[in-house]
C-alpha cells in the first residue's frame, strides 16, 4: 500500500439555496471538479503552502443573501412590468436581484464569498417571448429605466452588472427554444437564451426532434458551453474550442432580430450581400448597449463524429510548435477543428497534472523534448470522411518536419474529458485563498513571441505565480494567446496585478480581447486601444440606438463614463 | 471552301482621344473582343434582325467631348487644391471632368455615345498619397465642397457619378503601389488605386520583387479584374470568380486606413478581436459615403497554379445541378475555387456560342441531356497538392450521383479564356442598338428556384429577349444568381425594364445586390429592401462621419435624397 497522502477537504456539498456561495459557484450546484493531488503538491511547492494552509477554508460565503436596499423603482413601475410579463415572471427579492446581477469574474466571486454586493438591478424580469422584451424596452425607454440582460451568467468582464440599477431581463428562463431547422440552407432559428448543451442536443437529434434527414452540430463549444447561451456567444463575440474550423461566433451568425429603443428589426437571410455596410455585423458584439438580441438564425453543420480524427504531438520547443502551426494554418489543405499548442510551462505542468504516465515523461527528455522547452500540441479534425484523414495526415507531416513526436490521439482524448470542467476548480482554490484567472489576446504571427514573452516577463516577476499559456484559436494570419494565472493572492493585489497584465498585453501588441468581450473590465482600455476615432463610431451607433442611455448603461464597451469598480 | 458568311464591320480602331467613345469604351483603347459569328446568327434570329441591321452603326460617339459648363468652384478654391496636390495633378478640362465622372452602366455608355453628359465634377484631383487625400478632404469639408472618388471606373451603378459636382479624387493615378508583403502573416499592404493585374503580378513574383520565400495570389478575380482596383473591390463589396474558396472582398480585408471628415484612422492588425462591433467591417461597403480608403492590408494566399484541378459536367437538369451544388458546398470536404452552374438557356446558348464541338452537342441529347433542360457546370479547385485532387474527386462523385456527365476540364479552360473579356463586346453590340446588361442577387438555397423563375418569367415575357442565368459564388447557405440580358432595345425602354427586373428580384426574395454594390442605381430600393430601421443605422453612421454631407453626396447607398437619374 502506498503511504497515505494529505488531501484537502474539498467541498462536496451543494451550497445552501439562498446563500452567497450558491451564486458564486460555477455550474450546477451538485457538480464539482476538485484539483488532483498533483495540483495540491504543485501549489504547495510553488506558493510555499503547507498542509495546514489547506485545512482552514476562508470566506466560504455560506451566509444567506441579504441586500437591505429596496428597489429604486416605484411600485407603479414594478406593477407596469408585472402587467407586461406576468406576476410570476417579475421578482424583486434580494436573492434574485443579486443572482441575476452577478457573473463569474474573480472579483465578483471573491466579493460574493465575503457577502459584498456591488451594483444590483432593482427588478428581475423573465420575459416569455420577444414581444415581452419589446414591451419592456419600450416602457423602460419611456420611463428612463436602465435595462440589462442576463442569460447564461458565465461572463468574466462585468458585462451584465447593472451599474445603474433598473431592470434585468433574464432571457434563459423562457426564451430558450430551437424554433426551426432549415435543412436546405443548413441554418437553425433559435432563441437567444438557449444553453449550449440543449441547442447541440436538439441539433444532434434533428431527425427525431424536427423530422430532419440528417443530424447537425452547432460548431461552437466554448469552455463555458454548458453554462452559456447562444445569444451570449454572439453579443460578446465568443469563440468555441473548435473555432479554427467552424469560425468564431461572429462567423456562425446568419441573421438576427434585435429589439432596440428605436425599433425592432430582423436582418435579412442571405449568404452574402453588397448592400452597403452590414447591419447584421454591426450588431454583433454590441454587448447589450444597442439593443437586445431576441432571435437568431445560425449556420449549422452536419454532425459526423464518426469521421473525427484526433492527434497530439510533442514539439521540442515552443518556437517549433508555433512555426508548425503557422505552416498548418497557411497550408491550404483544410483546417483542423480543435487545435491547441501549450507553451513550455503549461506543457510541463500539464504532464504532471493530468496523469500522463511518468514513464513517458522519463523517456521524453533524453529524446530531446526537455522540460522548460517542449510544447504539447493536440486537436482533432472534423468534416467529411475523406477530408479528415487527409488533414490529419498533412498535420502529422508538417509537425514531423518541425521535429515533433506524434503521441497518438491519447492527449486529445484526455483533454476532451476536462474541456468544460476546469472552471469548477475555482471554488476549491478560492476556499484556500488561491486565485485562478485568465486573460487572453489575439495576435498576428509576426508578433506572437513578443507578446508571449512580454506578458510572461511581467507575470513571472511576481514570485510564486504560475502562468500557463496556450494558443487555441487559429487563423491563417495568427492566433490567440490564452494566459492562465494561478497564485496565492488577495483581491486587492489581484485587481492591480490584472490591470498590469492588461497593460502588458496592449504594450506588446495583443488585442484587448480575443473572445472574452469587453464589458466594464476592459472598458478603460478601449479608447487607448482602438483610438478615439473608432470609439466615436461606436458612440455614434450608441446614440442612434439608445438616445436615452437605458441599454446596459454605465461604462459597458467604454461607451459612456466607466464607474469605479470597487 | 465554305460559303462566305456575313460578318459585321466590327470596330477595330481605338477611339480617337478626346471623344465620347473613348470614355464609353471598356478597357484599353486598342483591345477588342467581337461577338463571334454564332453570336451574330443568334441575335439575328432572336431579335428578328437582318444583315442590313448590322451594316449601319448608330451613336458611335466619335465627337470630341465638349461640356460648356465651367467648373462651379471659384478660382481660389481650385488654387487651394493645386496648392495641396500640385498643379500637374489638378485638372479642370472638359474631358477629364467627364471621363472621371463616368463609369460603365448601360445608361452612361448609351448616353455618352449620344454626347449626353449628366452630372460631372468641377475639378479632378490626382492625389499623390494619403496625405494629399487628407488635406483635400479637410479643405473640402471646411469649404463644403463635395468629394467623390474614382479609381478603376468599372462600376455599374452610378457610384462615382458626382451628383453634386465638386472634387473627384482619382486614386489610381498615383496611389497604386503594393507597399509591403508580410510573409509570416500572409498579408499585403496596398494602396487602394492599384489595379488587379498589377497587384496579382507583384504577388506572383514576390520572391523577385520583395525578396519573399514564396509566391502569392490575391484570390480576388472579378470579371472586371483588369480594370478595377483593390480599393474599389472593398468599398463596393465585390466578389471574385474564385470567391467560393477565397471569400468575397469583405472576407479578404485584414485592416484598413480611412480618411474621413471627422478624422483619419487605421483599424488594427488582428486575426480576430472581441472588442465590440468591428469598425473594420463597418467601413466595408461604405462606397465613399463615410470616408476614403487610403491604404488596406489584405489577406493573401500561396500561389500554387501547379495544383489546380479543373472540372466540368453536364447535368440533365438545372434542378439536378442546383442539388449537386448544394451537396458540394455543404459536404465539408473542402470548397472549390471557381464553381459555376449555368441554367438551361445559358447552357444551350453557351454550347452554340463558345464553339463546343457540334458532335458533342449531337451526342448529348440522346444521352438524356436535352436542350432546354441540361445545365453546364464548370470550375476548378485550388490549394495544396493533396487537397485539390481530393476535392475534385469528391465533386465528381457528387455530380455523378446527380446524373452528371463529366466533360473533363475542357469547358473550364475555355471559360478561362473569356473570363475577363465579355464586357468588351458591349461596344460592338451598342454599335447596332443591342443592349447587354446584367443584374444579380444573392439567395438562400430554399428560395433559389422561386427567384430564378420569377425573374425569368418577367424577362422572357418581353419578346426577343435573351436571358442567361448562372450561379457563380457559392456558400453553404446559398449562392447568387447572375442574370444576363440581351435585347434590341432603346435606352428609354431599358431603364423601365431594368427597374422592373429589380422589382422582381426583391419580390422573389433575392438581395438587392450580391456583388455589384448599390451606388444610385439600387438606391431607391434600399429602404424598401432593408427596412427603415437598418437604413437609419447607416444614416446615423453617415451623420457621424460626414456631418457636412460632402462625401459622395446625392443618393449614394440611399442615404440622402436620390436625384432623378435622367
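The values are calculated or read from the model by the stated rules, or taken from the named source; none is laboratory data. The model shown is predicted, which means the values in this text are computed figures rather than measured ones. Using ideal geometry, Cβ is built from the backbone for each residue, glycine included, and neighbour counts are taken over all protein chains shown.
Results, tabulated for the structure shown:
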{"item": "Residue check, residue A:337 within 21 Å of residue A:481 (Cα to Cα), crowded, with 20+ Cβ neighbours inside 10 Å and under 25 Å from the mean Cα position of the chain (by Cα)", "result": "yes"}
{"item": "Selected residue (criterion: farthest from the chain's Cα centre (by Cα)) from residues of the range A:234-243 that are within 19 Å of residue A:419 (Cβ to Cβ) and within 11 Å of chain B (Cβ to nearest Cβ)", "result": "A:243"}
{"item": "Failed item, numbered, when residue A:208 is tested on (1) outside any loop (DSSP other than H, G, I, E, B); (2) closer than 30 Å to residue A:145 by Cα; (3) more than 14 Å from every other protein chain (Cβ to nearest Cβ)", "result": "(2)"}
{"item": "Count - residues of the range A:441-470 that are within 11 Å of chain B (Cβ to nearest Cβ) and in a strand (DSSP E or B)", "result": "4"}
{"item": "The listed residue being away from chain A (no Cβ under 14 Å), under 23 Å from residue B:27 (Cα atoms), in a helix (DSSP H, G or I) and at pLDDT 95 or above, out of B:416, B:427, B:345", "result": "B:427"}
{"item": "Positions within the range B:368-407 being touching a strand residue (DSSP E or B) at 6+ places or on another chain (Cβ under 7 Å), away from every other protein chain (no Cβ under 14 Å) and either assigned to a loop (DSSP other than H, G, I, E, B) or surrounded by fewer than 21 Cβ atoms within 10 Å (Cβ to Cβ) (or both), in sequence order", "result": "B:369, B:374, B:402, B:403, B:404, B:405, B:406, B:407"}
{"item": "Members of the range A:324-334 that are under 27 Å from the mean Cα position of the chain (by Cα) and facing chain B (nearest Cβ under 10 Å)", "result": "A:326, A:329, A:330, A:334"}
{"item": "Qualifying residue in the range B:503-512 (condition: away from chain A (no Cβ under 13 Å), surrounded by 20 or more Cβ atoms within 10 Å (Cβ to Cβ) and either under 17 Å from residue B:437 (Cβ atoms) or touching a strand residue (DSSP E or B) at 6+ places or on another chain (Cβ under 6 Å) (or both))", "result": "yes"}
{"item": "Residues satisfying the stated conditions in the range B:263-272, i.e. more than 20 Å from residue B:248 (Cα to Cα) and at the interface with chain A (Cβ under 7 Å from one of its Cβ atoms)", "result": "B:263, B:265, B:268"}
{"item": "Single residue of the range B:19-55 satisfying the filter (surrounded by fewer than 16 Cβ atoms within 10 Å (Cβ to Cβ) and touching a residue at least 24 places away in the same chain (Cβ under 8 Å)) that is nearest to residue B:112 (Cα to Cα)", "result": "B:31"}
{"item": "Matching residues in the range B:281-296 - criterion: being more than 9 Å from every other protein chain (Cβ to nearest Cβ) and surrounded by fewer than 24 Cβ atoms within 10 Å (Cβ to Cβ)", "result": "B:295"}
{"item": "Residue list for the range B:481-494, filter: touching a helix residue (DSSP H, G or I) at 6+ places or on another chain (Cβ under 9 Å), over 19 Å from residue B:353 (Cβ atoms) and not in a loop (DSSP other than H, G, I, E, B)", "result": "B:481, B:491, B:494"}
{"item": "Odd one out for residue B:1, checked against (1) under 20 Å from residue B:354 (Cβ atoms); (2) in a loop (DSSP other than H, G, I, E, B); (3) at pLDDT below 95", "result": "(1)"}
{"item": "Any hit, the range B:157-175, residues being at pLDDT 95 or above, buried (at least 23 other Cβ atoms within 10 Å of the Cβ), within 14 Å of chain A (Cβ to nearest Cβ) and outside any helix (DSSP H, G or I)", "result": "yes"}
{"item": "Matching option when the condition is assigned to a loop (DSSP other than H, G, I, E, B) and at pLDDT 95 or above, among A:9, A:53", "result": "A:9"}
{"item": "Flag for residue B:299 being surrounded by fewer than 24 Cβ atoms within 10 Å (Cβ to Cβ), within 9 Å of chain A (Cβ to nearest Cβ), over 19 Å from residue A:445 (Cβ atoms) and touching a strand residue (DSSP E or B) at 6+ places or on another chain (Cβ under 8 Å)", "result": "no"}
{"item": "Check on residue B:82, in contact with a strand residue (DSSP E or B) (Cβ under 9 Å, 6 or more places away or on another chain) and free of Cβ contacts under 8 Å to residues at least 40 places away in the same chain", "result": "yes"}
{"item": "Number of the condition not met by residue B:483 [criteria: (1) within 8 Å of chain A (Cβ to nearest Cβ); (2) touching a strand residue (DSSP E or B) at 6+ places or on another chain (Cβ under 9 Å); (3) surrounded by 23 or more Cβ atoms within 10 Å (Cβ to Cβ)]", "result": "(1)"}
{"item": "Check on residue B:66, surrounded by fewer than 21 Cβ atoms within 10 Å (Cβ to Cβ) and touching a helix residue (DSSP H, G or I) at 6+ places or on another chain (Cβ under 7 Å)", "result": "yes"}
{"item": "Residues satisfying the stated conditions in the range B:522-555, i.e. within 21 Å of residue B:138 (Cβ to Cβ), within 9 Å of chain A (Cβ to nearest Cβ) and either in contact (Cβ under 8 Å) with a residue 40 or more places away in the chain or not in a helix (DSSP H, G or I) (or both)", "result": "B:541, B:544, B:545"}
{"item": "Meets criteria (crowded, with 23+ Cβ neighbours inside 10 Å, modelled with pLDDT of 95 or more and under 20 Å from the mean Cα position of the chain (by Cα)) for residue B:151", "result": "yes"}
{"item": "Residue B:411 being modelled with pLDDT of 95 or more, under 17 Å from residue B:321 (Cα atoms), away from chain A (no Cβ under 14 Å) and surrounded by 23 or more Cβ atoms within 10 Å (Cβ to Cβ)", "result": "no"}
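Let's see how each residue does on (1) under 27 Å from the mean Cα position of the chain (by Cα); (2) within 30 Å of residue B:418 (Cα to Cα); (3) at pLDDT below 95:
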position	(1), (2), (3)
B:48	no, yes, no
B:57	no, yes, no
B:62	yes, yes, no
B:70	no, no, no
B:84	no, no, no
B:91	no, no, no
B:99	yes, yes, no
B:102	yes, yes, no
B:105	yes, yes, no
